[in-house]
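The values are calculated or read from the model by the stated rules, or taken from the named source; none is laboratory data. For clarity, every value in this text was computed on a predicted model and none was experimentally measured. As a convention, Cβ positions derive from the backbone with ideal geometry for all residues, glycine included, and neighbour counts pool all protein chains shown. Please note that ligands, DNA and RNA were not included when accessible areas were found on the heavy atoms of the full protein model with its side chains. Shrake-Rupley method; radii C 1.70, N 1.55, O 1.52, S 1.80 Å.
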Amino acid sequence: MDGLFDLNDLTGSAGQPPAGLPDPTERGRLRRRSKLSLHQVADACGVSEATVRAWEQGSSTPRGQNAVTYCHLLTALSGRLTATPVPRPPAAEAPDWAALGALRHELPTQAADEAECWRCQQPTAQRVGDRPQHLGTRCPTLTTPRPAPAAAPPPAACSPQPAAAPAARPSLPLPGPRSPQPPAPARALLVYPPPSRRSTTDGPLMVLEAAPQGLTAHLADGNIRSCTAGDLPALLAWTLRQNLGAAPLRPEALPAGPLLVLTPSALAHLGLPAAAPSAPQRHPRSDHPLLRQVRTVGWQSDQEGLGPWMRLHPSVGDPACDSIHLALTGWGALHHDAWNLPTGLDAGQLARLLGQYTSLLRTPLGPPGACGHQLMSDLRPAPHRHTATRALVASGARGALTHVVDPAPCEAPPGHHLADGAAQDPPADSDIHWWRLPTEQEAERAYVVCLAVNLLHLAGSNSIRVANGPAEHMSYPAFDRKMPGSWLVDLSAAPHHRRLPPPFAGKGPAWHTTAALAYADDRKVQFRPLEGWLRPAPAVPYLDPWYKRIRLARLAVLERLGITEHMDTPDLLAALRGLPHADAGQRALLHALHATAEDAFTALAQPPTQPDQLAPASWTTPDLPTWRPDLRAAVVANARANLHRKLALTARDGYFPLAVAGDHVLYATHTPHLSEITEQPNSGFTIGIAPGHVRPVAAHPLQWLTDRCAEGINAAQLLKDTCPSW
């Protein structure tokens, strides 16, 4: 590789910037397209964040050594984005590549001769991190399969000459050379059969634990099988011989790959680490033992890298179609990521419980929120072609989200590069968090009761219209309640009763979603939008099938717990009081369903995570059509409007809320029974188990509320935080 870096020197004179330094606009563009923050670039160049900002704005010009280092960094970023080799700077002029996080693994070079790619064993002249490797996270499709060698070559034959290797490494800017690994035993490449030849008769998953004779696999239907695999490649090969997987939820969707749940004893049997890897080792091109093993059969992880939940697939396959999913309980899967499973579950019980979740919703392939987010696209699938064979694997359904679109500046979450330049605040719509002191009349009542709205955000989400296209900016648009988008409107002067929370958040002109303005229109509020970021593309109730599936799943689990939607109110309340003592597994499943629904909305606007950089300071739109912060904002606004509507109806009977915290509401009552509220003639609340219905949470003497008010605490928030959820 010595010949790769004999390009023109970039240093220039000490007082002048290098001749190859891009203009200020290009500097900022390269950083943003590389998904780097100002802080990362500043650390790499050894300057302050303000200095880098000034360089990108053109108000300051880099000089001397700083300019040389900055120029080398920008050249490397440009080479990565265009997949072209980059010159290697001298060690004294090189940036601190470690400050780039995962990006330090991505800077490409080109060699004069070909060598075997360390992932797919196919010849390549490309180098990444001084190792032969095809550019990108996946290798290109194999043209002619290369037979595996009969035996590993002797160590002397594959070792470099003692004098040659050290000469090329001292000034390498990428991560330093690791200790050489012994050559892995030769193995045949593991081929995943095409989707048309796969069977799912054995169920969607298995839970593996170690036994004296090997591994024991527990299936979701209660069956048990023996597995003689002693390492991960052998386990993958054995799994492909089983009929594991899940059929698509719709004929137009993709099937789900098999899930292997590895208990700590199974990890030890397979020779894998008992603890989760450190941040640098999570990257898909790290030398973690798990990745070294799967590479021997031509497999790799997806771009998310390693973690409690991960996806492995052939290097020449399609991660969406040809994956085997792993859940490592010893690394935190299932017990520490919102599943809230009961302690003491054996492997068979765990397999049956996960099988029930799969039959109700989908195969769990991550935390509940990630499963709920994936379920949205499972039920509204987009067309998909196999990335290697280009065969049409899923035809797609009407109403699917197929385009990756940037959010409007007012919709961009914090940290998104469009949010940095937004002139206005993000959408004002938010959940209600509000409390007040009781009036003299309310102070004469003996109790306060707290109710909780079942799945506040899910309720009514099936009616929200979503457009498959970008937002367009408009000035003084006429309001159309069927037009998805955000509107700049002043709703702070909308009239409301002083003993009710304000119906709309924000003060002065603020960005509101269509759902908020539709509620203002229902209340006969006069308004005129000043601006709009609107989506005129055809819109559909995107979440309707998703809402129905979660609702039916929840009712099915409640029925197993002895609670049905047709019970009389006294019987229902008695059953709810006994719920904490019901079957622990079904209660955990009910909790997982709630987390699936509620946390999925958070995933709609979740920032991307790099495998070794958990919290990027600045980032661009993820390459995911279902990443839609505008949909999350609409869901929140719709939930706020629905709750406020019910509060206003109930107030007609003289019952005003004392505190609200999202889905928890506190009222002063004469009795410690929620029915005193729900049985009023105009009550907007109904006791029940459907989304949008309410359930009792707690009852306290009024003095308890008075004490919380004296402490300046929102009592509804306190109960929300301390009372167990479903």
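So, how do all the Cα-to-Cα distances of region 265-348 break down into 5 Å bins, in percent, from 0 on up?
3, 14, 23, 25, 17, 11, 6, 1, 0
Across region 303-319, in residue order, what do the Karplus-derived ³J(HN,Hα) couplings come to in whole Hz, using 6.51 cos²θ - 1.76 cosθ + 1.60 with θ = phi - 60° and x for Gly and Pro?
5, 6, x, 8, x, x, 10, 8, 10, 10, 8, x, 4, 9, x, 10, x
Can you list the residues, at least 5 places off or on another chain, whose amide H is less than 5 Å from the amide H of V466, using H built in the peptide plane?
V540, Y542
Could you rank the peptides 254-265, 657-668, 561-572 by their average count of other C-beta atoms within 10 Å per residue, with the highest value first?
657-668, 254-265, 561-572
Taking amide H positions as placed 1.01 Å from N in the peptide plane, with prolines and chain starts having none, which residues 5 or more places from D490, or on another chain, fall under 5 Å of its amide H?
Long-range HN contacts for D490: A510, R528.
Specify which residue in the list T439, A478, L379 is farthest towards the positive end of the charge dipole of the chain, using unit charges on the beta carbon of Lys, Arg (+1) and Asp, Glu (-1), about the Cα centre.
About the Cα centre, the residue reaching furthest to the positive side is L379.
What does the net charge come to around V393 if you take all other residues with beta carbon closer than 11 Å to its beta carbon, with K and R at +1 and D and E at -1?
Taking every Cβ under 11 Å from that of V393, the sum is -1.
Spelling out what I want: for every residue of region 352-357, take phi, set θ = phi - 60°, compute 6.51 cos²θ - 1.76 cosθ + 1.60 (Karplus), and round to whole Hz; glycine and proline get x.
Listing the rounded values in order: 5, 5, 5, x, 5, 4 Hz.
Taking a cut-off of 30 Å between Cα atoms, list the lysines near K35, but don't count ones fewer than 8 places away on the same chain.
Reachable lysines: none.
Which ³J(HN,Hα) values, rounded to whole Hz and listed in residue order, are derived for region 290-296 from phi using the Karplus coefficients 6.51, -1.76 and 1.60 in 6.51 cos²θ - 1.76 cosθ + 1.60 with θ = phi - 60°, glycine and proline given as x?
Computed from phi, the couplings for region 290-296 are 4, 6, 4, 5, 6, 5, 5 Hz.
Calculate, for E440 and H673, the FRET efficiency according to 1/(1 + (r/R0)^6) with r their C-beta to C-beta distance and R0 25 Å; round to the nearest 0.05.
Numbers: r = 23 Å, r/R0 = 0.93.
Using R0 = 25 Å, I get an efficiency of 0.60.
Keeping the other protein chains in place, figure out the carbon and sulfur percent of the accessible area of the chain, with a 1.4 Å probe.
It is 52 percent, rounded to a whole number.
With unit charges on the beta carbon (Lys/Arg positive, Asp/Glu negative), name the residue among A584, F656, I224 whose Cα is farthest towards the positive pole of the charge dipole of the chain.
Farthest towards the positive end: I224.
I need the peptides 582-590, 409-417 ranked by packing, meaning the mean over residues of other C-beta atoms within 10 angstrom, with the highest value on top.
409-417, 582-590
Under 24 Å Cα-Cα from K482, which lysines qualify once same-chain neighbours fewer than 8 residues away are excluded?
K524, K548, K646
Could you tell me the relative contact order of region 286-400? Use alpha-carbon pairs under 8 Å, at least six residues apart, and round to a whole percent.
Normalised by residue count, the contact order of region 286-400 is 16 percent.
Taking the Cα centre of the chain as the origin, how large is its charge dipole in debye, to the nearest 20, when only Lys and Arg (+1) and Asp and Glu (-1) carry charge on their Cβ atoms?
In total the dipole reaches around 1100 debye.
Using 1/(1 + (r/R0)^6) with R0 = 35 angstrom and r between the beta carbons of H336 and A582, what's the FRET efficiency to the nearest 0.05?
That pair, H336 with A582, gives E of 0.90.
List the residues whose amide H sits under 5 Å from the amide H of D583, counting only those 5 or more places along or on another chain, with H placed 1.01 Å from N in the peptide plane.
none
Taking the simple approach of a point 7 Å from Cα along Cα-to-Cβ for both E114 and R498, what is their distance in nm?
Result: 8.3 nm between the two label points.
Starting from region 379-414, pick out the trypsin sites (Lys or Arg not before Pro) whose DSSP state is loop and whose Cβ has at most 12 other Cβ atoms within 10 Å.
R390, R398
Counting only other residues whose beta carbon sits under 13 Å from that of L572, what net charge do I get with K and R as +1, D and E as -1? Don't skip to the end; give the middle numbers.
Working: positive: R577, R695; negative: E559, E565, D568, D571.
Counting the neighbours of L572, the net charge comes to -2.
Could you tally the net charge around G271, taking each other residue with its Cβ under 13 Å from the Cβ of G271, Lys/Arg +1 and Asp/Glu -1?
So the environment of G271 carries a net charge of 0.
Quick check for you: with a 1.4 Å probe and neighbouring chains kept, what is the accessible area per residue of region 486-585, in Å²?
48 Å²
Under 13 Å from a point placed 7 Å out from the Cα of R250 along the Cα-to-Cβ direction: which residues of region 352-388 have their backbone N that close?
375-384
As an exercise, use a Förster radius of 56 Å and the Cβ-Cβ distance of K482 and A92 to find the FRET efficiency, rounded to the nearest 0.05.
My answer for the efficiency is 0.35.
Which of the peptides 267-280, 536-549 is most tightly packed, and how do the rest follow, going by the mean number of other Cβ atoms within 10 Å of each residue?
536-549, 267-280
Report the extension gain between R560 and S199 in nm, rounded to one decimal, defined as 0.36 nm multiplied by the number of residues separating them, less their alpha carbon distance.
The span from R560 to S199 would gain 127.0 nm if fully extended.
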